[in-house]
Every structure is written in C-alpha cells, then in structure tokens.
1. For the full complex of protein chains and a 1.4 angstrom probe, list Glu222, Glu235, Glu196 by accessible area with the highest value first.
2. Keeping every protein chain present and rolling a 1.4 Å probe, give me the accessible area per residue for segment 67-149 in Å².
3. Any chance you could give the angle, 0 to 90 degrees and rounded to 10, that helix 256-268 forms with the longest Cα principal axis of the chain?
4. With every protein chain left in place, what is the accessible area of His185 in Å² (1.4 Å probe, nearest 10)?
5. For helix 317-329, what angle does its Cα long axis make with the longest principal axis of the chain, in degrees from 0 to 90 and rounded to 10?
6. Divide by every residue of the chain the summed helix terms, -39500 (n - 2.57) for each DSSP H run of at least 4, and state the resulting mean residue ellipticity at 222 nm, rounded to the nearest 500 deg cm²/dmol.
7. Among Glu219, Glu229, Glu124, what's the order by accessible area (1.4 angstrom probe), most exposed first?
8. Determine the share of segment 67-149's accessible area contributed by carbon and sulfur atoms, expressed in whole percent, with a 1.4 angstrom probe.
Amino acid sequence: MDVSLYDYHLPKELIAQTPIKDRDRSRLLVVDRRTSRLKHGHFPDLLEYLNAGDVLVLNDSRVRPARLIGEKEGTGARIELLLLNPLGGDHWETLVRPAKRIKPGTVVLFGGGRIKAIAEEKTEAAGGRIFQLQYEGNDIEKLFEELGQMPLPPYIHEQLDDPERYQTVFSRVIGSAAAPTAGLHFTPELLEKITEKGVKVAFITLHVGIGTFRPVTVERVEDHKMHAEYYELDEGTAREIIAAKSRGNKVFAVGTTCIRTLETVAQKFAGEIRADSGWTDIFIYPGFTFRVADALLTNFHLPQSTLLMLVSAFASRKLILSAYEEAVRQRYRFFSFGDAMLIL
C-alpha cells in the first residue's frame, strides 16, 4: 500500500498554533461509519453520543518537560536535548540537536551544571543518542520541571504561555514526550457531566514517545517500523471494559494512544482484555481488525502519518479523507491544539 494514498492538502493557516481559550469549546466533527454522514458541532456534543454503561477510556500519561537547552562543556556551543525514555541507571534515550557535535564522551551542561549529560552511543533514530545524566540531589523529575521546557511538536512555532495547556486535566503519570492530544479538550466540568450520565470513565497509561516525531519515510505503508512505547492497563479498567462488552455497551477510546493500548492487549490475549503492561510497537493501518474500541475520539492528523493511517483503518481511507476535506472547507483547526473528530 502506497504511503501517498494518505496525503491531503492542508493550508498552513489551519495548523493551530495556540490552544483555544476554553478547552471544551473546540469544534467536533462527527463521522458515522455506517451512513458516511458528517455532522458539525462542538466538543460538549460528545455527551449526546454517550449512554449510561458505556466506557470512556482516557490516557492519563503526563508530558515530561523534557526539552533541555544547555551548553557543550569546553566550547559553550548551544545543545538541545529531548529526553524520550529512561533506560535505568540514569541512562536516557534522547534526540539531540545538533547531533553532529555529539560524540561518545561529549559532556553537555544544563542549568549551569545542575544536570550533567554524558554522551554514550548512537541510536537508530536520526539525531538519537544515549546519555547518562548526573545531577544534584535525588529528584531528577523536579530538576526537569525547573530547567526543562514543554517539547511542543515542530509544526507549532508560537510560545506556550501556560505549560498546563499541553497537559490533560487528568494527567497523572509522568513519562510522555508529547501530549495525548485528544484528551486536551476535556474539562473537569465536562467529565463530571459524563459520569453523572452513568458513563464509566476508565484510564490507561501510554507514554507517547519518539514515534510522534518520526515521519513515515518509506514508500510502502507495510515497510514502516513503529517505535515502541510503554503502556499500562490496570485491573479496574479491564473490569469496566469486560462488563461494558458483556451488557452490550460501547467502549469509546479517547485518542490513538488509547486505541493502540487496548488493541495491543487484545491482540496479546487472543481478543481478551486483561490487566497488562509492557512495550508496544503495534502499527495499525487499513486491514486491521479492531476487537475492543467501538468509537474513537481523535484530533486531525498530519498527512501521510501513521495516525492518519490508524483512523483510516477504524473507518475507511475514503471516508476519512472525505471528512478531512470537509474539515478544511469548514476551516477546522488541525493537529495538537486543533479541533476534534468523533468516529462512530
């Protein structure tokens, strides 16, 4: 399957550069897979499609302020480090710019030496390096909060005034290098209305990693290799999903991270949902059989991206690209800080 089949025209001015003032006032395009009908609305309209006993699955991963700006020891050259995954023993998988200046043994200082990063080896990713961090005190996450910046996607060029706007209101477990953006639209008030309606709200954790930043560079979809990301699905969430399925209710997956976690577990256990944790490199594209999710809430994704391929698998490529064309005509906001789509 040719990657170019997942291309579409997007005017640059539709790429949202800043969050909308009120999280839940984003627009919502509803896509009906059975009828191919599209309906325009706003995010609180989600309530109309949820019924008592349904399960809304959210990703509670929290973005680490993992973009560090420092200086190369000895020369003072500016070095930017994006922390991706902790590897144990204070070793980290990272992306570094400019990478050509970083050889094994290179030392980079952050915060005047409060964090000292020592380069070790290259990774497969472009600009990828393993660093060992040495730091003052015993709380590296606190130092990241003090010295780091939010790792906004490369298509966002505006400064983010409030870092919490790149976190969901239910974020809890630190570990992502990018936000699970479908969840950014929820407010505590809307979640309260959802639970009052009798909808079960459940959580998984998937730490968004390098795959978010990695473009598809192959010509054939099947040749692309996904980067692994860590996930957890606990007993409570497993029970809620099993119970909903048994009584004929629906499972609403909020975001591609949720649906990848749910389908990873179902694939691992022959269609069953169980408490589980581990690493997933599942790549979902048309032809995939979904076993858990009945509806998908998601943002609008980049052309030729694995995320666009995933939503095309959930509906159909033709229907999704038609919906995207309509969203462009109606001047929806695209990507991380953009509007939402509900696929039923």
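The values are calculated or read from the model by the stated rules, or taken from the named source; none is laboratory data. Quantities reported herein were computed from a predicted structural model and do not represent experimental measurements. In this analysis, Cβ positions are derived from the backbone assuming ideal geometry, glycine residues included, and neighbour counts consider all displayed protein chains. Areas reflect the complete protein model, heavy atoms only, side chains present, ligands, DNA and RNA absent. Shrake-Rupley method; radii C 1.70, N 1.55, O 1.52, S 1.80 Å.
1. If we order Glu222, Glu235, Glu196 from most to least accessible, we get Glu196, Glu235, Glu222.
2. Result: 52 Å² per residue.
3. Its long axis makes an angle of about 80 degrees.
4. Solvent-accessible area, nearest 10 Å²: 10 Å².
5. 80
6. Per the formula, -5500 deg cm²/dmol.
7. If we order Glu219, Glu229, Glu124 from most to least accessible, we get Glu124, Glu219, Glu229.
8. 46
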